[in-house]
Structures are given as C-alpha cells and as structure tokens.
C-alpha cells in the first residue's frame, strides 16, 4: 500500500499553501523527493524538527515517498533532550529549520531547501532499519523519553483511508494546521488529505491571533481540529459568534472534552450546518481508533463513539476475557490494520518487525452502552495529558530526580494538572524546580502544582505509594 | 501601585520576561507568550483592573503596546 497510489490523478494540484503566499504542488513534492533520496542515499534514519511550514511538510512527505525513516520532533525541543535522542538513535541525517541550526551539533549541511537544512552527521553506528518501518513518533515528547512508536506505511495508509471514509474527506477539502506535525493527530490530518490530493493550509500562527482567522477566511478553510484546550480557547475568543460559512468540519481528539463544551459545540454545529466530530486515538494506533458520528454528537454527549471503519473495539476484564455486558468497565482493546508495529527504546529495536500484530491494549478504561457507544472512564497507565500532549509521570519523576540529586519526587495528576510532591523545603527550591521543569520540558507552570512534603510514602520494597498521595 | 506597574508586573509574571524586554514585545516574540500564556495574561488583566475583556479584544492584545490601547477602551489608563 502507498499513500500516494492515486497520485497520477492529482499531481498538478496544489499540495500546500502558507500564510505568506508560498505555494507548493504535488509535482514539486516529487522533485523534492528525488533530490532527498539522492542526497540521503537510501533507507536511513533522519530526525526532523517540525513546524507547520512548507519545508517541514516536504521533508516529512519526502521521507514517506522514498522510504527514509524520520523521527518527528518538535522544533522547540530542548537541545539537551535532542542530544540524548541523537546519542541513543544515531541518525544519519537531521532535517532542521535554518533558525534551529545551532541545535544540530556537529554536522555538515548538504542541502538548503525551503528554509530547512539537510545536515549529514558523521555517524558510524547508524541503526539497521526494518524494511516496513516508515516513521517514528515519540510517546511523551516533552520529557524527551527515548520510547518511540514504530509505524509502517501500511499503518499510515490504513488509518488515512479509514479517516477519509468516516469524515467523508474529498479532494476539495482545505484543512488549516492547528496542531504540530510531530503530533500524531496533526500528522493524521496531513496524511488523510494527501491521500485524496487535497491542499493543506499551513500556518505557524495560533488561534488566538487575528492573522490566523484572516488566513482561514481568505483561503476559505473547510476544517480544523483541536484538543480539548483548543475548544476552551475557541470559546473564549468568540469563535461561536464568528461568521465562517466555508468551515464545515470541526474535529476533536487528544483527550476527553468536558461535557459542557462537547454539548455547546455540538449544538453550535447543528445550528450552523457544520459537523462536529469527537474522536479517540493514540500514537500506538497510528492516530485514530474511534469517532462519534456527527449526527450523534448531541445525543451521545460524553461518548468517544464507535470504532473507525476497519477497526474493532472490545473491553477486557482483569482475567483477560471479553466483557459482553453493557455498562461494565474494562480495559479498552482495539484491533485493526492501523495498530503500529510496536515500541522502540533504543536503536537496536529499529530492526524489529511487527510485534503487536494488529492488537492494541490501549491502557484506557472504558465502558460501552447498550447501543455500542464507548465512554472513556479512566486510565491504567501512569500518564496524564497536558493540553493534549501525553506526559509520562514516571519520566517527569526521572528527569527531576536526575537533576535535583538527593531530592525525592512523586508525580501524579489528572489531565491539564500535574502534581509534584517534592521531599524538600524552601520557596527558592520550589521555584527552582518549577523553572527547571519549564526549561527542559516546556511544561507550563500554570499546569503544575508542587507540594513540599517530608518523606514520600513508600512500600517495603521502596516503591512509591501513589495511592497515599492526594491528587 | 500605579496602573503601569500593575500592567508590567502581570506581563513579567505571566510571560516570564524581564522588565527591559517589555517594550516592543509581541505575541510569540518569546517562547512563553503562546496561547497558554496569552489566556493567563488576559485573565489576570481582567482581575487586576476589574474589567471583562470582550472576545474580539482578547485577540487584539497582540503586543505590549497594543494591550495598553485595548485597556484604554475599558477606561483603564496605563
């Protein structure tokens, strides 16, 4: 399977346009890809520092076309975390925006193109790559965790096909970028529109800036996506009163939307003739697994919906058996061709084949109603989402313990609220912890509460007793 | 505290900048003036000056200087 298999019918079409008037066609992508593979010289590992620009988009799609395997990272990634990832995975090349060259470290610029530089590293330990491996994404980007998700081209195509079908995406769609390209949800928006030969409208501006909305209106944007926090912002900036007749589709993923907002946006969509689609996904399933059909958005408020076309959900009890009865909570399991190949924790893992064989134990707890709609009720794994981004609590703990030697930490929390228990005293120290966390991870202090304590509760084997700490 | 002092203090705290960076500071001109920082700033300006900033003005506060113009509309002279 190939994301571009229908390309001959749209190769003269526009692939993307940015808010500065820059344009690039599908044909330009072909020339770019030829040049890219010529310079890289085969299936090798490359790190891309992503932003919503033409250069970044070409880099990503060029890799997909030619089999070069990119690890997609945020442009603003902390350089220390980037260096660690480079040491672990030994990429042969970096593809970085010109204004981030300082982060690239020692390397030779072999190609300057569209505001990006292709940099060749003097790397002797380049990892061998599984033939089907297409792309790598982080599991908890902000903490620089070396744990990556391995996705194949088949995964990407299967998910894109399915999304195109349930959202009815056609070549005339004009989505605008509201999410980063290194984030599975943002990437999936690109993938499914490219599949249909549609044009993507790229902007680095955010939805609280007026020029963003000028761009949306001028370019007659038809769809946008957001995490729960995006919807809070949309409400505050008066989106519900804006006149946007061309905008037809709003999608939401990246965590559970508060029911009041879900209701409000569903009602807004009905009144204005738009579709509002709540979805559910994970990087481990390439991107999406579930969606709530737009015509059910109000009636099933609070639900994340049903499995996407080609996929299947079921709930698993503690013994590993399928729960058949409705309204019983269990771990949500998904089966489908978009389930990724597996994780990688180090470069030797990049030659691994498919380990998950189309079955994903999501780690999310859910229940199902009598009509088969699913509701997320909690999480099995120790992570929270901060403004749509997954943050692994153990990773945050590790980062803090490494830096503040002798201080013990315990992290817990819920979505959009990280709570750090620190076995230390003094205003200054707490401030220092907050500053360090922001410096390294970019985690916003407004989402963090630090609680000084004397001693972190532990069990006999020295493991932290999170249940004894208050959220 | 004068209005200017209050105004500056909120920018310095919410956007994590120094006093000397304020003049000419624009949205996205510093890493922490992103959408999160922006909403914090707006909420704090509302609280400090006891005003309600309308939806369209939320977007008009696009720089340190523009913010002063916006507040003037609400009778807050900086």
Region B:39-75 residues near the modelled residue B:21 label - backbone nitrogen below 18 Å, point 7 Å along Cα→Cβ:
B:39-42, B:62-67
Spacing of the two label points (7 Å from each Cα toward its C-beta) at residue A:325 and residue A:124, in nm:
6.4
Nearest-0.05 FRET efficiency for residue A:298 and residue B:77, computed from C-beta distance (R0 45 Å):
0.45
Take every Cα pair under 8 Å in chain A that's 6+ residues apart, average their separations, divide by the length, and report that relative contact order as a whole percent.
13
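Contour minus end-to-end for residue A:436 and residue A:76, with contour as 0.36 nm per residue of separation and end-to-end as the Cα-Cα distance?
Net length gain for the segment: 128.0 nm.
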Ranked by Cβ crowding within 10 angstrom, fewest neighbours first, how are A:334, A:343, B:7 ordered?
A:343, B:7, A:334
Looking at the calculated P(r) for region A:292-413, what percent of the C-alpha pair distances fall above 25 Å?
41
If you count, for every residue in A:234-242, the Cβ atoms of partner chains within 10 Å of its Cβ, what is the mean?
3
Tensor-based shape of region A:7-378 (alpha-carbon gyration tensor, a/c under 1.5 rounded, otherwise prolate or oblate)
oblate
Over the whole of B:23-33, what's the average partner chain Cβ count within 10 Å per residue? Rounded to a whole number, please.
2
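For A:76, B:52, which order do you get if you count the other beta carbons within 10 Å of each Cβ and list the fewest first?
Final ranking by Cβ density, sparse to dense: B:52, A:76.
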Based on alpha-carbon centroids, what's the gap between region A:323-356 and region A:360-396 in Å, whole number please?
14
Rounded to whole angstrom, the alpha-carbon centroid of region A:260-300 lies from that of region A:1-47 at a distance of 31
Suppose R0 equals 41 Å; then what is the FRET efficiency for residue B:3 and residue A:454 from their Cβ-Cβ distance, rounded to the nearest 0.05?
0.45
Given the C-alpha centroids of region A:137-161 and region A:449-471, what is the distance between them in whole angstrom?
32
Could you work out the helix-only [θ] at 222 nm for chain A, with each DSSP H run of four or more residues adding -39,500 (n - 2.57) and the total divided by the number of residues, to the nearest 500 deg cm²/dmol?
-8000 deg cm²/dmol
Contour excess over end-to-end distance, with Cα ends at residue A:244 and residue A:318 and 0.36 nm allotted per residue:
21.8 nm
Rounded, prolate or oblate: which fits region A:383-468, taking a ≥ b ≥ c as square roots of the Cα gyration tensor eigenvalues, rounded meaning a/c under 1.5, else prolate when a/b beats b/c?
oblate
Can you sort B:32, A:152, A:444, A:8 from fewest to most other Cβ atoms within 10 Å of each residue's own Cβ?
A:8, B:32, A:444, A:152
Just to be sure I understand the model, the point goes 7 Å from the Cα along the line to the Cβ. What's the resulting residue A:132 to residue A:403 distance in nm?
4.0
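Here, each number is a calculation from the coordinates, and none is a lab measurement. Note that the coordinates shown come from a computational prediction; the quantities given were computed from them, not determined experimentally. Note that each Cβ is placed from the backbone with ideal geometry, even for glycine, and that neighbours are counted across all protein chains shown.
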